[in-house]
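These notes concern the structure reproduced below.
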Amino acid sequence: MMGLLDTLMNLFVFAFIGLLIWLYFYEPKKESKKRDDQQRTLEFKNR
Amino acid sequence: MFKNPLLLIALALTIGVSIWGIIDTQGLSNFASEQVKITLRSRGWFVMLTVSFLLITSFILALSKFGKIKLGRDDDEPEFSTMSWLTMMFAAGMGVGLLFYGAAEPITHYLFLAGQGAPPPKAASNAMLITLFNWGLHAWAIYGVTALAIAYFGFRKDVPQLVSGPIRATFGNNPLVRGTGWLVDLLSIYAIAIGLAGSLALGVFQVQDGIITLLNLKNTGMGLTLTIFGILCAAYILPLTVDLSKGMAVLSNTALIIAVALMVFLLLFGPTSFLMNGIVEAIGQYFYQALPAGFSTLAYFEEGAKVWFESWSLNYMVWWLAWAPFVGVFIARISRGRTIREFILGVLLAPTFFSIFWFGVFGGLGFYQSAASQLDPAIVQENINQTTFLLLGNMPLSKLTIVATSVAAFLFIVTSVVSAAYVLAMFSTGGSQNPSVKIKLIWGVILGVLGLVMILSGSVGAIRNIIAMSAGPFVFVILLLLVCLLKTIKNEKV
């Protein structure tokens, strides 16, 4: 039982590491990116 | 207040733990111990890999072109002078733990290593190395990355200074991200509450042992403990009801001045050259071995060594993770206008050098007195709380230094709890910079009740396990914050 728990916990960790790597390279879809860019432009102009 | 689900659930969670602890202190303590053992045995490698990764990434960031990016707008100047900033950093990292473990920890590690057959000089040298590893660069890398993410997004992207701020700013506003952010804030609140309550309990033990040593009391039982606890609660509740921010700053600076003066006093009136020899050796040993030590998991050692490693270094790293939201928010708030390079180098190096001196003096003095048979090192196994005071008892002006240490411990706890109640109120109200007195008071009371639970556990080990249990998820949160930071920073034009 402990061995199974140990394996599951470590599997979770490996999956999380994979998720982090994916999140780092993940780019949001073009429409939401366009909205974010417009928002950033507005913020820049207002400085 | 009743329309704020985050606040209500956070309160329910912390009150639930408080009730459990009061009804069945031993049960909570055993549960925490078991959970921590399972977690650290299974995922200890991940904790060590994470803290090493945080440290290496911090240095790479500092030395890269991104080091020039300001935490704020490009024309923002630092809010505080460098000296004030560093002093406040010391105050953030300086706490009752340093007073508590200053001598006790090096001696504890020395006894363990000597028991494993290491010759005394090697045991002493390695004991100091292990202590500095636990309190040095890796600990501050945990705080630094958390603070950097909050400061960068807070000052440069105008995001609320919550732990979830960077996550929402990076990944947008869809339900999954909002839910993750909400959960991260809840975990932060829970970890801060448990962590600060643990420190409150340690502070009470420290002050209690100061009084016992000073007045040569015996068998004080819970009476003295609860009296000190009551006075502490009264001392921190008042500042929550009125704006005493200037007064709090004075108290915090006073505690810091007392602690630093104590360290300098011991250095000058103790065996100065012995202590300085130890400090210089510690500097070389530590900086040469810090990085490899971060990857050490005692993989091929026997059970006894593994248990000790989990009880100390791993437990510490998880303890720092529990403190990261609290210390991170504080460091972030004082760092507007600094460049990332200044920030990282300041946060990592200044407190680490201070720790080298601190443990070099207290730990070195412990070794010296043990060798001179002025101090029985086995005291750390019987009553770890008393170690600092017994050490001071062998030095000149012992009554004064014992009183000063007790006062410093008291002030550290009061100022920490007041700050924590403010941060908890801020986190649980969506980042409001002026949370209501009612909510601050509620958190103040909860911190007191949780602190009482920890005190009733009667054991420093139990306190540390309860804190470690609360901090478990943070190893994931901090990596997520780092991803948010790196992902956003790479788009900066430098």
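The values are calculated or read from the model by the stated rules, or taken from the named source; none is laboratory data. All values derive from a computational prediction rather than experimental measurement. When we count neighbours, we look across all protein chains shown, and the Cβ atoms used for this are built from the backbone with ideal geometry, even at glycine. In case anyone asks, the SASA skips ligands and DNA or RNA and just uses the protein heavy atoms, side chains included. Shrake-Rupley method; radii C 1.70, N 1.55, O 1.52, S 1.80 Å.
Couple of notes before you dig in:
- Among (1) more than 29 Å from B:V280 (Cα to Cα); (2) part of a helix (DSSP H, G or I), the one test that B:S335 misses: (2)
- Criterion (closer than 26 Å to B:V475 by Cα, out of contact with any strand residue (DSSP E or B) (no Cβ under 9 Å at 6 or more places or on another chain) and crowded, with 17+ Cβ neighbours inside 10 Å) met by exactly one of B:A191, B:A259: B:A191
- Meets criteria (open to solvent by 40 Å² or more (accessible area, probe 1.4 Å), closer than 22 Å to B:V329 by Cα and more than 24 Å from the chain's Cα centre (by Cα)) for B:T170: no
- In the set (1) modelled with pLDDT of 55 or more; (2) over 18 Å from B:L40 (Cα atoms), the condition left unmet by A:L5 is number (2).
- Criterion: part of a helix (DSSP H, G or I), more than 22 Å from B:V318 (Cα to Cα) and open to solvent by less than 40 Å² (accessible area, probe 1.4 Å) - qualifying residue of B:L40, B:L6: B:L6
- Residues that are in contact with a helix residue (DSSP H, G or I) (Cβ under 6 Å, 6 or more places away or on another chain) and in a helix (DSSP H, G or I) within the range B:62-81 comprise B:A62, B:F66, B:G67, listed in sequence order.
- Where helices (runs of 4 or more DSSP H) fall entirely within the range B:384-494, those with at least 3 residues that are of a type outside the set (S, T, Y), away from every other protein chain (no Cβ under 14 Å) and open to solvent by 10 Å² or more (accessible area, probe 1.4 Å) are at B:398-427, B:437-457, B:460-471.
- Residue match in the range B:35-50 (condition: in contact with a helix residue (DSSP H, G or I) (Cβ under 7 Å, 6 or more places away or on another chain), away from chain A (no Cβ under 14 Å), closer than 28 Å to B:L479 by Cβ and not basic (K, R)): no
- Residue pairs whose Cβ atoms lie under 7 Å apart, sitting 6 or more positions apart in sequence or on different chains, and linking a residue in the range B:283-299 that is more than 17 Å from B:W45 (Cα to Cα) to a partner that is not hydroxyl-bearing (S, T, Y), are B:I283/B:I356; B:Q285/B:L129; B:Y286/B:L129; B:Y286/B:L132; B:Y286/B:G136; B:Y286/B:I356; B:Q289/B:L129.
- Within the range A:20-47, being in a helix (DSSP H, G or I), at the interface with another protein chain (Cβ under 9 Å from one of its Cβ atoms) and either at pLDDT 95 or above or open to solvent by less than 100 Å² (accessible area, probe 1.4 Å) (or both) holds for A:L20, A:I21, A:L23, A:Y24, A:S32, A:D36, A:E43.
- Criterion applied to B:S84, B:S64 was being within 30 Å of B:V250 (Cα to Cα) and surrounded by fewer than 17 Cβ atoms within 10 Å (Cβ to Cβ), and the one residue passing it is B:S84.
- Filter result (farther than 15 Å from B:P106 by Cα and in contact with a Phe, Trp or Tyr (Cβ under 7 Å, 6 or more places away or on another chain)) within the range B:356-400: B:M395, B:P396
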